[in-house]
Amino acid sequence: MREPQLVKADGLPDRVTIYEVGPRDGLQNESAIVDVAVKAEFIRRLLDAGLTTVETTSFVHPKWVPQLADAAELLDQLELPAGVRAPVLVPNERGLDRALAAGVREIAIFASATETFAAKNLNSTLDDQFAMFTPTIQRALAEGLSVRGYVSMCYGDPWKGDVPIDQVVKVGARLVDLGCHELSLGDTIGVATPGQVGALIAAFGAAGVGVDKLAVHFHDTYGQALANTLTALRDGVTTVDSSAGGLGGCPYAESATGNLATEDLLWQLNGLGIETGVDLEKLVSTSTWMAEQLGKPSASRVVQALAG
Ligand code: HMG
Ligand code: MG
């Protein structure tokens, strides 16, 4: 299979952690319910391709995201090899109870940077979302779990438009203060451009949240995800969220399309000689297989170029 020519560039990390969100962010937007055995096989194949961090599912209200109502059953079908991290999304204490019962060791809380998305995604307000997160994070930490924090709508909101940068930093810093070990900065509707990304990373730095605590999470609606990722890497970020095959979107965010495709990310990182431990060929074959299961072609440009 074709590989990019390796030419290193200055000012980039030697190694990047790919935080794979395909089984969660990717599948949550699919309206036809995917069989739990297919989800389990998808995750097994992702792990076999060398991914070591895979967000597997969500313990949200099953009526809000019916696709992931089988979270406990899915985890029951998986045998995770040692060293693999398999975080799940949890919004509240009820979700935490369910995750703990399923043996989860790592959760991700997801906050909104805007009032509108807090209402639509969490049935809450910008302030009240913390009343839900605080006891959830405290209990999770007391149980020895590690907690990631997402901030959504960091760069633009479909209802309100521009989002003030200090509002994003305030929400993110609050999650870090509550004990989140990592913050993932979500471009939920894929509108960010590189200047914005650099400005947000700098603003977090000025507020005491350094790049060692930051991850980036780009959806690719406007085709900016790779440019934005490269900007974040140059600024020192070393954890990048992506979704195999470019699956994804958020059912509660109008105009959100798929995440940055893991294969597209990997093509760039391989070309730059940045280590990930992930096998591109196995990943392309996984996404080709998954596209067949879903009955539609993969959105990833690299999968389209290499498959077949
Ligand atoms: P609510 O209706 O306000 O919930 O939903 P509530 O607290 O009022 O409870 C109502 C009933 O739901 C109660 O049952 C609860 O027990 C039950 P009753 O007493 O009436 O029988 N309930 C639950 N059941 C199972 N699991 C739970 C749960 N919680 C309550 N966890 C809630 C509030 C937060 C639960 C709801 O709004 C929700 O589930 N939202 C999730 C939406 C979602 O998953 N969105 C997609 C993920 S976010 C995303 O994609 C963005 C991201 O990728 C980053 C980016 O791109 O920016 C992360
Ligand atoms: Mg997302």
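The values are calculated or read from the model by the stated rules, or taken from the named source; none is laboratory data. Predicted model, so just to flag it, every value in this text is computed and none were measured. FYI the Cβ positions are ideal-geometry reconstructions off the backbone, even for glycines, and counts take in every protein chain you see. Side chains are part of the model used for accessible areas, which takes the heavy atoms of the whole protein and leaves out ligands, DNA and RNA. Shrake-Rupley method; radii C 1.70, N 1.55, O 1.52, S 1.80 Å.
Structure above, values below:
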{"item": "Sparse-neighbour loop sites [trypsin sites (Lys or Arg not before Pro); segment 1-82; at most 12 other C-beta within 10 Å; DSSP]", "result": "R2, K8, K63"}
{"item": "Placed amide H near A108: partners under 5 Å, 5+ positions off or other chain", "result": "V88, L89, V90, R148"}
{"item": "Other-chain or far-sequence residues with amide H under 5 Å of A215's (modelled H)", "result": "L183, S184, L185"}
{"item": "Cα gyration tensor shape of segment 190-240, rounded if a/c is under 1.5, else prolate or oblate by comparing a/b with b/c", "result": "prolate"}
{"item": "Label-to-label distance, nm, for residues given as N123 and A32 (7 Å Cα→Cβ offset)", "result": "3.0"}
{"item": "Contact order normalised by residue count of the chain, Cα under 8 Å, 6+ apart, percent", "result": "23"}
{"item": "Length gained when the stretch Q167-M1 is fully extended (0.36 nm per residue, less Cα-Cα span)", "result": "55.2 nm"}
{"item": "Calculated FRET efficiency for the pair K160/L12, C-beta based, R₀ 41 Å, to 0.05", "result": "0.75"}
{"item": "Contact order relative to length of segment 37-155, as percent, for alpha carbon pairs under 8 angstrom and 6 or more apart", "result": "23"}
{"item": "Length added when fully stretched, E73-E41, from 0.36 nm per residue minus Cα-Cα", "result": "10.2 nm"}
{"item": "Estimated FRET transfer efficiency (K296, T193; beta-carbon r; R0 41 Å; 0.05)", "result": "0.90"}
{"item": "Using a Förster distance of 22 Å, the FRET efficiency for V84-L141 (Cβ separation, nearest 0.05)", "result": "0.55"}
{"item": "Mean ellipticity per residue at 222 nm, deg cm²/dmol - from DSSP H runs of n ≥ 4 across the chain, formula -39500 (n - 2.57)", "result": "-11500 deg cm²/dmol"}
{"item": "Those lysines that a straight Cα-Cα span of less than 23 Å connects to K160, excepting residues fewer than 8 apart in one chain", "result": "K120, K170"}
{"item": "Loop sites in segment 63-109: GluC sites (Glu not before Pro), DSSP, at most 16 other Cβ within 10 Å", "result": "E79"}
{"item": "Probe 1.4 Å, protein heavy atoms only - accessible area per residue of segment 70-159 in square angstrom", "result": "40"}
{"item": "Accessible-area composition of the chain, carbon plus sulfur, in percent [1.4 Å probe]", "result": "49"}
{"item": "Equivalent ellipsoid semi-axes - Cα gyration tensor, the chain, angstrom", "result": "26, 24, 18"}
{"item": "Surface accessible to a 1.4 Å probe, per residue, for the residues of segment 210-267, Å²", "result": "29"}
